[in-house]
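A.B. asks: The structure is given below, and queries will be raised subsequently.
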Amino acid sequence: MTGSKVTTLAEAVAAHVRDGMTVALEGFGHLIPFAAGHEIIRQRRRDLTMCRMTPDILTDQLLVAGCVSRLVASFFASGSAGSLYEIRRRVEQHDPAPLETEEYSHYGMYCRYEAGAKRLPFQPLLSYVGSDLPALNPRIRSVESPYGEGRVYVVPPLNPDVTIVHAQRADANGNTQLWGITGAQAPAAYAASAVIVTVEEVVAPETVRADPNRTLIPAHAVDAVVEVPGGAHPSYAQGCYDRDSAFYREWTPISRDRERALAWIDEWIHGTADHAGYLAKLGEQRWDGLRVAPAPSGSVSYGRRQG
Amino acid sequence: MTGSKVTTLAEAVAAHVRDGMTVALEGFGHLIPFAAGHEIIRQRRRDLTMCRMTPDILTDQLLVAGCVSRLVASFFASGSAGSLYEIRRRVEQHDPAPLETEEYSHYGMYCRYEAGAKRLPFQPLLSYVGSDLPALNPRIRSVESPYGEGRVYVVPPLNPDVTIVHAQRADANGNTQLWGITGAQAPAAYAASAVIVTVEEVVAPETVRADPNRTLIPAHAVDAVVEVPGGAHPSYAQGCYDRDSAFYREWTPISRDRERALAWIDEWIHGTADHAGYLAKLGEQRWDGLRVAPAPSGSVSYGRRQG
Amino acid sequence: MTADSSARVGGSSTADAAITEGVTVDVSEVPPHSAEFLATVAARELAGRHRVFAGVGLPTLAVDLAKRTVNPGVELVYESGVVGAHPEAMAEGIADSVLVSGSEAMLSMDALFGYVLQGGYVDVGFLGAAQVDRIGNINTSVIGDWRRPEVRLPGSGGASDIIASAREIVVVLRRHDPAALPEEVDFCTSPSPVRARRQDGFHQPQGAGVTTVITPLGVLRRPDRDGELELAAVHPGVTVAEVTGNTGWDLRVRGDVAETPRPRTEDVRLLREEIDTVRLYLR
Amino acid sequence: MTADSSARVGGSSTADAAITEGVTVDVSEVPPHSAEFLATVAARELAGRHRVFAGVGLPTLAVDLAKRTVNPGVELVYESGVVGAHPEAMAEGIADSVLVSGSEAMLSMDALFGYVLQGGYVDVGFLGAAQVDRIGNINTSVIGDWRRPEVRLPGSGGASDIIASAREIVVVLRRHDPAALPEEVDFCTSPSPVRARRQDGFHQPQGAGVTTVITPLGVLRRPDRDGELELAAVHPGVTVAEVTGNTGWDLRVRGDVAETPRPRTEDVRLLREEIDTVRLYLR
């Protein structure tokens, strides 16, 4: 599966994300694929089952925009910055409509992607003994250890129709490299039928191949590669730009008022043609505040056989 | 668990490897901890249960030297270079004594380390349906999927008393970085009660911390750090030196003749005080033939928050 | 072993003996319900511990303070995969880039939850909660009926994974009333080993569960894996009766109940001027 | 689809049509039992395949040749974790440093076996064997009784993992006699899906099992997941009767049995002068 997979975000989303699909947008606090999520909003997809360990503001926005009817997740708030009010309105008041949720712990959710990627019928973990979570979620089941230590909880595979991730870089074939917090991106990609990777930069194959241990998602698992600089904003890309924590704080009052949230979607997503337009609207000055100073990893050698 | 763990190989082996223990020396073709294995021979340990996915020449040598009475493994030959005759003599002719073996496939063996590291009572995998391996090895069992897809084979945890690995570099606290083929080193280390890491180079903490994604075994899992340049010979260390393929070919006739093999152990292991002595005996010229040209990975940035 | 248990009752003006070794230092008058007070008390719990798994919120603040005061060598572990963080600035959340840059290891989440946590390497799991009950069950999921809750809380995150495998759990609560400390939680997200044991035939978790709950009124401890929470210390100006009256069950009071030492002014200065300069947690 | 099935029977001196598109090229007279011959036949099996999992030994040689001739775009995957190898020299084994340097990805073994293999990304698993039987079971463990074997073979390595999940398996044998091709293997290391199905109630492997066996006498194929191996091609100078007489069961012969095209002199030159210059596999 060689050959360039580079395309535009509009084309990638149009080609791979369809109404009613199960879509994983992964990125644990870091490298959250906001630009791709915003494009799903622009294309007005409906009735998606959204899979994300930490739904974050991105899910709140997709819910406000009416794209999502079901949520598979393990944390229903926005990191340190408080509640996601659209999620709360849906769950607590069924306003404007109920939201079906399927809930795990972080490791339970991660193990679902692992089982999905490995085509295992289930994955055991040590969590949940004594917890009410299995009663709430009948997909959490248990099996007896055949070695005599009693029963252990298991989770079933999660195999999204599409997984979308953001990374620092990939080559045109889709060999994808990320560093910093790597989240559930690799198993979520391998678990999916189709994978879209957005990156800060499409780089030469030689750049990737100089450091193959950094490739966490090889080309064979990737269907579309899109260069989207700043594509994780307001989350961050390690070494590229920092989290827009001010935006995270600003979202709380926006999210609390459904009309304001709708207006935000209209202005910032439907009101911009693409992510470049969104960033232009954000402005150079705000972006300047997110810049980070370089902190080089240093280079190691892989060696070449001589003679 | 901060503070230097740097010691000598003689001290590390004396402190952590005792007769009758279950010892994992991992490294999949790459970074095989030969120097540590040779030190086990020098210290005349007995009755060890040796765990290695690919026993390789190292296990053949430990068997010749009388250190090992039991072998847990998934491949009983020496890569492309043919039979390990000491293993074959033990198994086929019980000469000079039988060798108890416990056998898995590669992924089965890997999953045992995984289950050991994660303290899971078992790990499922898709292998073995229809194979005779479960009949040969009663530790390979099966469980029924609670999601209705039938039974699947599982393997139990493997928790060595000691795991020994070799790596390109670590800091004095034991934060260990390796690249190239990473094998079962990380799960084998986490599965063990004690861990010895030998490295090509002990580096400053700043070097490790400049690229934290390369740390596969953090300090908290490591008990002893030993700087042993060339410690993987005759296997290799990516970027440092190449495999001594000539030695691999030379071992076949040595291994075929038990008296020759014993003489080799006497001359090369008992006849040298330590690994530096072994390398000196090997000679500068032979080492020159294993040198590799540099192939830099290039540097990425992790970024620093400004202001 | 902890700062609290060595402190005297009765509003002494000398600060935590474990820190100052008898030297008199300035103590701060910040009220016991303040984030500064809670964070300082929480930070002291980390004296002598090797490895701490810090959850979202106030725990992030407390571990930062601990690393600057009572335990510079403490190894900070985060569910995002960070091991041995050396942040140059306060982390605004458990996935902040400052936790990553300069850390000792950046593991996969599988290695973090599987090897580090389930592997038994975490001494203290440091969590926030909406409710903690008598035997140390934690609720972070819902208030009310979970089919249509009054309040949808964040859910488990890593909490129900952490409680199963961390050696012990320290919880910081920002309220102390019968709703936050009920006889039994509305929903058990992260179970006490007492509750886990009732699930007959299951492989039992290795963790001791919640051993310490720090609230705006005092410190509750559950010294016995099979036991219940009891009052170990009251904060300055708080009476034992106030604590028991605001707890949702008949709270047992230890015979040696202590008074919590006040934060040092230096602790409060560090929190305000060097750690949480943006007032993210110090609300 | 394969080179063999498009070739004519009867010792034509024109080489493989799939490679040369009708142009007459020099063919080599290396004997069919030579490593050069076997590697060339094996390499041609890879035309049109995306992703190949190369085992220890002759397969390593064959995939190198395939990448230089019939399928430059083939993605080479090794159990050591290498994905998309671009070796600058012939790999002396599946863990050779030349497979790592310049590769597209160096995955953990968990990702390689779990995600890539079990995940269904491998089109062809390319294995050596001591025995292959009628329905395509592979023995790489022991000859004789496994409790005290006559010959202790290398064992499974990755083979029993690969056969369960690779779309199909190609085996190269260096002998063709009833001992190497018995009615039933002495020990089944890596099972045919036919044998797997007899294990009632088990989640069945997705792979088709062994579809092709290349021997010094000919090429056997098992076109049906539920079927048995049959003779599809004989090597030049070999009769059908020679093959059936040296096979341990009543080998079915296809109506359209072909003659294997000889290697091109260029294939042999590449193998000898550019690939296996140290004569590691070309023994």
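A.B. asks: Once Rh is set to the Kirkwood radius over Cα pairs, what Stokes-Einstein translational diffusion coefficient, in µm²/s, holds for chain B at a temperature of 37 °C and a viscosity of 0.692 mPa s?
C.D. replies: Estimated diffusion coefficient is 163 µm²/s.
A.B. asks: Express the C-alpha Rg of the stretch C:36-104 as a ratio against the empirical globular expectation 2.2 N^0.38 Å, rounded to two decimals.
C.D. replies: On the way: Rg = 10.6 Å, N = 69, 2.2 N^0.38 = 11.0 Å.
Ratio of Cα Rg to 2.2 N^0.38 Å: 0.97.
A.B. asks: Then there's this: State, to one decimal in nm and shortest first, how far the label point of A:Ala15 sits from each corresponding label point in the other identical copies (label point: 7 angstrom along Cα-to-Cβ).
C.D. replies: Label-point distances to the other copies, shortest first: 5.6 nm.
A.B. asks: State the three equivalent ellipsoid semi-axes of the protein assembly as shown, derived from the C-alpha gyration tensor as the square roots of 5 times its eigenvalues, in descending order and whole Å.
C.D. replies: On the way: eigenvalues 574, 231, 153 Å².
Whole-Å semi-axes of the equivalent ellipsoid: 54, 34, 28.
A.B. asks: Moving to a separate point now. From the residues A:His106, B:Ile181, B:Ser127, which one has its Cα farthest along the dipole of the protein assembly as shown in the positive direction, the dipole being from +1 and -1 charges on Cβ of Lys/Arg and Asp/Glu about the Cα centre?
C.D. replies: About the Cα centre, the residue reaching furthest to the positive side is B:Ser127.
A.B. asks: Given an 8 Å cut-off on Cα distances and at least 6 residues of separation, report the relative contact order of the stretch D:26-275 as a percent.
C.D. replies: Values: 567 pairs, mean separation 50.0, N = 250.
Answer for the stretch D:26-275 is 20 percent.
A.B. asks: May I have the pair-distance distribution P(r) for the stretch A:19-63, computed from all Cα-Cα distances with 10 Å bins from 0 and rounded to whole percent?
C.D. replies: 28, 63, 9
A.B. asks: Taking the Cβ of D:Val185 as the centre, find all other residues whose Cβ is under 11 Å away and add up their charges (Lys, Arg: +1; Asp, Glu: -1). Don't skip to the answer; put the middle values down first.
C.D. replies: Values: positive: D:Arg134, D:Arg195; negative: B:Asp132, D:Asp133, D:Glu183, D:Glu184, D:Asp186.
Around D:Val185, the surrounding residues sum to -3.
A.B. asks: Then there is this: Loop-only trypsin sites (Lys or Arg not before Pro) in the stretch B:15-44, please: DSSP not H, G, I, E or B, and at most 13 other Cβ atoms within 10 Å. Don't skip to the end; give the middle numbers.
C.D. replies: Details: sites: B:Arg18, B:Arg42, B:Arg44; in loops: B:Arg18, B:Arg44.
The qualifying sites are B:Arg44.
A.B. asks: Something else about it: Calculate the spin-label point distance for A:Glu259 paired with D:Arg279, positioning each point 7 Å from the Cα along the beta-carbon direction, and give it in nanometres.
C.D. replies: Result for the modelled spin labels: 8.9 nm.
A.B. asks: At what distance in nm do the modelled label points of B:Lys281 and C:His33 sit from each other, each positioned 7 Å from its Cα along Cα→Cβ?
C.D. replies: 7.6 nm
A.B. asks: Can you tell me the dipole magnitude for the protein assembly as shown around its Cα centre, using point charges on the Cβ only (Lys, Arg +1; Asp, Glu -1), in Debye to the nearest 20? Let's see the in-between values first.
C.D. replies: Working: 114 positive and 148 negative charges, 148 e Å.
Taking the Cα centre of the protein assembly as shown as origin, the dipole is about 720 debye.
A.B. asks: Sort out for me the Cα centre separation of the stretch C:41-118 from the stretch D:50-100, rounded to whole Å.
C.D. replies: Result: 42 Å between the Cα centres.
A.B. asks: Run the helix sum for the protein assembly as shown: -39,500 (n - 2.57) per DSSP H stretch of 4+ residues, divided by residue count, reported at 222 nm to the nearest 500 deg cm²/dmol. It would help to have the intermediate numbers written out before the result.
C.D. replies: Details: 41 runs with 294 residues, N = 1180.
Computed mean residue ellipticity for the protein assembly as shown: -6500 deg cm²/dmol.
A.B. asks: Measuring from label point to label point, each 7 Å out along Cα→Cβ, what is the C:Asp177 to B:Glu250 span in nm?
C.D. replies: Taking the simple label geometry, C:Asp177 and B:Glu250 are separated by 8.1 nm.
A.B. asks: To continue, here is another question. Using a Förster radius of 41 Å, what is the FRET efficiency between A:Asp288 and A:His94 based on their Cβ-Cβ separation? Nearest 0.05, please.
C.D. replies: Working: r = 43 Å, r/R0 = 1.04.
The value I calculate is 0.45.
A.B. asks: Let me know the Kirkwood hydrodynamic radius for the stretch D:26-275, please, with Cα pairs as the basis and the value in Å to one decimal.
C.D. replies: On the way: mean 1/r = 0.0548 Å⁻¹.
The answer is 18.2 Å.
A.B. asks: With an 8 Å Cα cut-off and a minimum separation of 6 or more residues, compute the relative contact order for chain B in percent. Mind showing how you got there, number by number?
C.D. replies: On the way: 644 pairs, mean separation 64.6, N = 307.
Relative contact order here is 21 percent.
A.B. asks: Quick one: net charge of D:Ser160's neighbours, Cβ under 14 Å, K/R +1, D/E -1?
C.D. replies: Details: positive: D:Arg195; negative: B:Glu103, B:Asp132, D:Glu79, D:Asp161.
Result for the local shell: -3.
A.B. asks: Here's something else I'd like to know. Considering only D:Val116, D:Pro178, D:Leu280, whose Cα is most displaced toward the positive end of the charge dipole of chain D, charges sitting on Cβ of Lys, Arg (+1) and Asp, Glu (-1)?
C.D. replies: Sorting the options by dipole projection puts first D:Pro178.
A.B. asks: Oh, and also: Once you wrap a convex hull around the alpha carbon atoms of the stretch C:152-226, what is its projected area averaged over all directions, in nm²?
C.D. replies: 5.4 nm²
A.B. asks: Here is a follow-up. How many angstrom lie between the C-alpha centres of the stretch D:206-232 and the stretch A:184-226?
C.D. replies: A separation of 35 Å, based on Cα centres.
A.B. asks: Beyond 17 Å, what share of the Cα-Cα pairs of the stretch A:165-248 is found? Please give it as a whole percent.
C.D. replies: On the way: 1513 of 3486 pairs.
Looking at the stretch A:165-248, the distances longer than 17 Å represent 43 percent of pairs.
A.B. asks: Setting aside same-chain residues fewer than 8 positions from D:Lys67, which lysines have a Cα under 26 Å from its Cα?
C.D. replies: The qualifying lysines are A:Lys5.
A.B. asks: Sort out for me the Cα centre separation of the stretch A:35-51 from the stretch A:264-307, rounded to whole Å.
C.D. replies: Each part reduced to its Cα centre gives a spacing of 21 Å.
A.B. asks: Considering every Cα-Cα pair within the stretch B:1-136, what fraction, in whole percent, is farther apart than 18 Å? Walk me through the intermediate numbers first.
C.D. replies: Numbers: 5435 of 9180 pairs.
Tail fraction, whole percent: 59.
A.B. asks: Based on alpha-carbon positions alone, could you give the equivalent ellipsoid semi-axes of the stretch A:181-307 from the gyration tensor, as √(5λ), descending, whole Å? Numbers along the way, then the final one.
C.D. replies: Numbers: eigenvalues 233, 71, 38 Å².
So the three semi-axes of the stretch A:181-307 are 34, 19, 14 Å.
A.B. asks: Another one. Return the single residue from C:Ala208, C:Ala179, C:Ala241 with maximal mean-square fluctuation; model: Gaussian network over chain C, springs between Cα atoms under 10 Å.
C.D. replies: Taking springs between Cα atoms under 10 Å, the residue moving most is C:Ala241.
A.B. asks: Efficiency by 1/(1 + (r/R0)^6): what FRET value for C:Asp26 and A:Thr8, r their Cβ-Cβ distance, R0 = 51 Å, to the nearest 0.05? Please list the in-between numbers first.
C.D. replies: On the way: r = 62 Å, r/R0 = 1.21.
Efficiency computed from Cβ-Cβ geometry: 0.25.
Values quoted throughout were computed directly from the atomic coordinates according to the rules given, and no laboratory measurement underlies them. What you see is a predicted model; the values in this text were computed from it and never measured. Glycine also receives a Cβ, built like all others from the backbone with ideal geometry; neighbour counts cover every protein chain displayed.
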